[in-house]
1. Give me the net charge for the shell around VAL112: Cβ to Cβ below 13 angstrom, other residues only, Lys and Arg +1, Asp and Glu -1.
2. Considering only protein heavy atoms, what per residue accessible area in square angstrom results for the range 53-133 with a 1.4 angstrom probe?
3. Please work out how much accessible surface ASP42 shows to a 1.4 Å probe, ignoring ligands, DNA and RNA, in Å² rounded to 10.
Amino acid sequence: MPDHVPRGTSSARTVRAVSQAASRWETTAVSGFCLDTTRFGDRLVYVALGSQWLRYHDVSCGCGLDWVTVHAEAAGLTAVQCGDGWVALVGPGLTEDVDESALTADVLWEAVTGMSGDGRVEAAYVRDCHDVDRG
């Protein structure tokens with residue numbers, strides 16, 4: 001399965017990749033902001049773990065629909081790449097037009113859960129995200 005989802009599109013590939021919970025990425029990392037020049041170039045992304053955000057969505061919304069396509073993309077976020085159990089998101093208020101010294105996932109939280117975010121500031125980690133796909 002290719003790990004690139006074209007800007008502004010959603011697909012069954014995204015849904016499958018985000019739904020799979022048994023990936024190495026998912027068991028060794030947490031959702032968060034990521035700078036990885038190998039995988040994402042110079043772009044800041046938010047790497048969201050599928051099972052984590054699916055739980056947030058199921059507990060808060062419970063609509064039974066895909067949280068990426070129905071909520072995140074509808075809020076103006078774009079899935080730029082996905083892998084086994086994760087999706088990389090970009091967009092206004094998440095990774096664009098933001099103060100990079102005070103990053104929050106509030107825009108995504110509000111889109112997925114329908115509740116206000118808590119304003120918790122997160123650091124952007126520089127990591128070699130592509131290594132987690134190698135097993």
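The values are calculated or read from the model by the stated rules, or taken from the named source; none is laboratory data. Owing to the predicted nature of the structure, the values given are computational and were not obtained by experimental measurement. Neighbour counts are summed over all protein chains in view; Cβ atoms, including those assigned to glycine, are modelled from backbone coordinates with ideal geometry. Heavy atoms of the whole protein, side chains included, go into the accessibility calculation; ligands, DNA and RNA do not. Shrake-Rupley method; radii C 1.70, N 1.55, O 1.52, S 1.80 Å.
1. -4
2. Working: 3790 Å² over 81 residues.
Accessible surface, normalised per residue, equals 47 Å².
3. 150
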